[in-house]
Every structure is written in structure tokens, then in C-alpha cells.
Amino acid sequence: MTDFSSQERMLLDRAAAAPMLAQTRAWAAINSGSRNLDGLARMAAVLVEAFSTLPGTIRLVDPAPVESVSPDGRVQAIEHGRHLHLSVRPEAPIRLLLTGHMDTVFPIDHPFQQQRWLEPGILNGPGVADMKGGIAVMLAALNAIEGSDAIATLGYDVVINSDEEVGSLSSAALLREMAAGRLAAFTYEPSALPDGTLAGARAGSGNFSIIVTGRSAHAGRNPDDGRNALLAAADLALRLKAGSGAGFSCNPAKIDGGSPNNVVPDHAVLRVNFRPRTPQDEIAARALIDRSMVDVARDHDVSLHLHGSFGRPPKPMDAKAQALFGLVRQCGAELGLDIGWRDTGGVCDGNNIAACGVPVVDTMGVRGGSIHSDAEFLLTDSLPERAQLSALALWRIARGRFDLDRYKKEGITA
């Protein structure tokens with residue numbers, strides 16, 4: 001480990017001493033599944049109180065309107081929780097964005113609600129890694145920074161949204177607004193691997209519901225007069241899957257609809273997800289959707305309506321991202337941590353931030369694993385470790401160690 005200056009040592013000690021485990025356990029005891037509005041409201045209130053230890057202006061932002069397609073094909077509004085936004089020193093010459101999410105994948109009626117120790121230092125519980133532990137790490141690092149002279153140059157915004165696990169549709173505009181003009185961003189998803197490996201480039205993601213409308217008829221007397229929407233939806237699913245490959249994957253996930261056995265079904269909804277690797281792959285995937293819908297409408301004599309979008313753009317490892325990852329890796333090395341990264345097909349708010357031209361390391365949270373399952377676990381020794389890593393990276397950025405000159409030469413403004 002590097003022989004740190006007295007100021008750096010004080011910074012690191014403050015970060016490591018924060019009550020992160022207690023906070024993580026208290027927050028994980030609150031069910032804040034993405035559709036549990038009461039739980040999200042409670043979680044938001046608790047986080048407002050916790051983040052009020054920081055200076056600046058804190059508020060809860062109403063979610064943007066979002067529509068979804070019900071199983072019967074109706075397009076209807078869907079509610080989300082409010083999002084936390086904290087703004088600290090917006091006039092500072094160096095401005096960053098830090099993000100997290102308060103929602104989990106575990107609804108109020110999910111059987112996984114309790115925490116337990118698998119063994120000393122390994123805590124099993126809903127959201128302990130993804131990402132209530134990450135929020136605790138973020139807060140610890142920021143409280144440490146506020147006790148240093150970094151505040152002379154560093155300003156930041158914090159966004160903790162309520163809908164990341166369901167696509168961030170009601171918070172995407174807020175994320176774009178807060179990313180504008182920021183030098184860099186950190187997002188506090190858990191590490192890609194339990195050993196602390198970060199996520200590098202990410203694929204994009206698009207979720208679609210395709211409403212198929214056919215014509216009902218008696219299955220015995222006049223079936224040929226009908227237009228089978230269920231069959232058309234199945235054909236469309238097969239065509240989309242067959243058309244995916246090198247540049248993007250396709251996962252037809254569900255078909256809603258159907259009818260009694262003696263009726264030709266006149267309604268179906270196909271749910272499908274795409275994961276394009278590059279912006280060009282996203283264009284190709286959309287062309288496949290459009291082409292396949294035209295062909296199925298013609299061949300089955302049905303009508304189709306597309307609902308959804310590519311809500312998470314692909315996130316490449318460009319020169320800006322590589323520079324920020326390099327800074328984090330250097331800080332890790334000075335702390336005795338071997339920081340590496342690998343590409344992944346998973347998506348998060350880092351995709352949306354990177355699409356704004358802002359470099360982002362989006363796995364600055366805890367080490368753990370088995371997220372999105374009842375085996376989710378947190379390695380508790382990663383709480384002080386990751387808080388120190390974030391605090392040191394923020395300190396170095398505040399002191400001009402992030403390559404501003406190169407960015408300005410490339411026409412990139414902070």
C-alpha cells in the first residue's frame with residue numbers, strides 16, 4: 001500500500017469508519033421492490049435523512065410518466081416511486097455525478113425478505129449487494145470528501161432512482177439532465193465478480209411489447225374465417241430469434257393472450273428483449289423488428305402495434321472511459337487492490353450516463369454476488385474497501401488528476 005500523505009490518510013480513515021454495515025442492514029430490512037410504492041416512499045425518506053448529513057440541496061423528484069402494455073393489450077400508465085436528487089456546490093469548477101438505485105427486484109410478497117450470516121463476513125439478504133450496500137459506500141465516500149480540502153474545487157450531484165431494476169424509464173430524463181456537463185460519473189452497482197472485477201463495456205437493451213390483433217372464429221365450424229393472433233405472435237417470436245446473432249441477442253420472453261380451445265384467438269402480446277453490442281447493432285435490431293412485423297402482418301393477415309424502445313444504449317469502452325477506469329485502477333493499486341474489468345451483457349444506469357458523453361465507472365459498489373436471487377450476498381469487508389477506493393478517486397479528481405488537458409484538446413468540455 002502507498003505511503004499516503006496525512007490528508008489522504010485522514011480521508012481514508014473517515015471513509016472506512018462510516019457505519020456502512022449497520023446502514024446496509026437497516027436499509028435492506030425495508031422492502032423496496034420496484035412496484036412497492038409504499039416501501040419505496042419509506043426508503044426515500046430514510047435516504048433523505050441519511051444524505052442530509054451532506055451540504056447542498058436535497059429533494060425528491062416526481063417520476064416522469066411511463067406507459068406499459070397490459071396482458072389484454074391496453075396501453076396504460078404505470079406508477080413509480082420518487083427519485084432522490086442532491087446537488088452540492090453546483091458552481092464548482094469540477095462537477096461529478098454519482099448515482100444509485102433504491103429499488104430491488106424483490107416485491108413485497110417475495111419470500112426472500114430476511115437477512116442471515118452465511119459465515120462470518122458474508123451476509124445474505126435482499127438488496128444487500130444490489131445495491132443498498134453500494135449506497136452506503138457512496139455516502140461514506142462523500143462524507144469523507146466533505147471533511148477534506150477537495151471541497152474547494154469539487155461539486156457533485158447524487159441521483160438515487162426508484163426504478164433502475166425495471167429500466168429507469170421514469171428517471172431517464174433526470175439522469176440525462178444531471179449528466180449534462182459533468183466531467184465524470186460513478187454508479188454504485190456491485191462489482192461484476194466477487195473478486196472486485198468491474199464491468200467495462202456493456203451491451204445495450206431494448207424491451208418491447210408487440211400487440212397482435214387478429215379475428216376470432218369458431219374453432220370447429222369456420223376456423224379459416226379467423227386470424228390466429230397467438231400463432232402470429234409465435235411466428236414473430238421465431239423470426240426475431242432467428243434474425244439475431246453476431247451483433248445482438250434476442251430473447252422472446254412471454255406471450256400473453258389466447259382464448260378457449262374452441263375459439264380462434266384474436267389477441268396476443270409478445271414480450272421480447274434485445275441486447276445490441278454497438279449503436280449500429282441497435283439499428284440492425286430495430287430494422288429486424290420492423291421487417292419481421294411487416295412480414296407477419298402480411299402472412300397472417302393480422303395487425304401489429306409496437307410498444308417500447310431501446311431504453312439502455314450500448315456503453316463502449318472509449319478513450320474517456322478508459323482514462324477514468326485507469327484512474328480508479330491506480331487508486332486501487334495504491335490501496336493494495338488489484339482492479340480489473342471485463343465486458344458484460346448486463347445493463348444499468350451507466351449505459352444512460354455514457355450515452356450523454358460522460359465517462360462512467362458503474363460498478364463502484366460492494367463486492368458480492370448471486371444478485372437478483374435469494375442467494376444474494378455481500379462480502380462485508382468490501383464496505384470500507386470500496387468506500388476508501390471511491391474517496392481516493394474523488395480526491396484525485398478534485399486535485400486535477402483526471403486528464404482534463406487531453407479532453408480539452410479533443411474538444412470535450414467538462
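The values are calculated or read from the model by the stated rules, or taken from the named source; none is laboratory data. On a predicted model such as this, the values are computed, not experimentally measured, just so you know. A quick note on method: Cβ atoms are made from the backbone with ideal geometry, for glycine too, and the neighbour counts reach across all protein chains shown. Surface accessibility is based on the protein's heavy atoms, side chains included, excluding ligands, DNA and RNA. Shrake-Rupley method; radii C 1.70, N 1.55, O 1.52, S 1.80 Å.
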(Q) Rounding to the nearest 10 and keeping the result within 0 to 90°, find how far the Cα-based axis of helix 37-51 lies from the longest principal axis of the chain. (A) 20
Q. Hey, which aspartates and glutamates would be in cross-link range of LYS254, C-alpha to C-alpha under 14 Å, not counting anything within fewer than 8 residues on its own chain?
A. ASP72, ASP235
**Q.** Environment charge of SER244, counting only residues whose C-beta is closer than 15 Å and scoring Lys/Arg +1, Asp/Glu -1
**A.** +3
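Rank by packing, highest mean first: peptides 160-166, 309-315, with packing defined as the count of other Cβ atoms within 10 Å averaged across residues.
Details: 160-166: 25.0, 309-315: 20.9.
So the order, starting with the most tightly packed, is 160-166, 309-315.
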Q: Return the carbon/sulfur percentage of the accessible area of the range 288-364, one whole number, probe 1.4 Å, all protein chains in place.
A: 47
Q. Once both axes come from the Cα atoms, what is the angle between helix 279-300 and the longest principal axis of the chain, in degrees from 0 to 90, rounded to 10?
A. 20
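Considering only DSSP beta bridges whose two residues both sit in the chain, what percent are antiparallel, to the nearest 5?
Values: 50 of 68 bridges.
Restricted to the chain, the bridges split so that about 75 percent are antiparallel.
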Q: Show the residues, 5+ positions off or on another chain, whose built amide H is closer than 5 Å to the amide H of HIS267.
A: GLY214, ALA229, LEU230, GLY258
(Q) For a quick check, take a GNM of the chain with Cα springs below 10 Å and name the residue from SER70, SER382, SER32 with the largest mean-square fluctuation. (A) SER70
Q: Name the most mobile residue of GLY245, GLY167, GLY81, meaning the one with the largest mean-square fluctuation, in a Gaussian network model of the chain with Cα contacts below 10 Å.
A: GLY245
Q. Angle, helix 382-398 long axis vs. longest principal axis of the chain, Cα atoms, 0 to 90°, nearest 10?
A. 70
Q) For the chain, what is the accessible area per residue in Å², given a 1.4 Å probe and the full set of protein chains? A) 42
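Averaged over all directions, how much area does the convex hull of the C-alpha atoms of the chain cover when projected, in nm²?
Numbers: hull surface 84.8 nm².
Orientation-averaged projected area of the Cα hull: 21.2 nm².
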Q.
Starting from the 7 Å offset along Cα-to-Cβ, what nm value, one decimal, do you get for the label separation of THR57 and ASP299?
A. 5.6
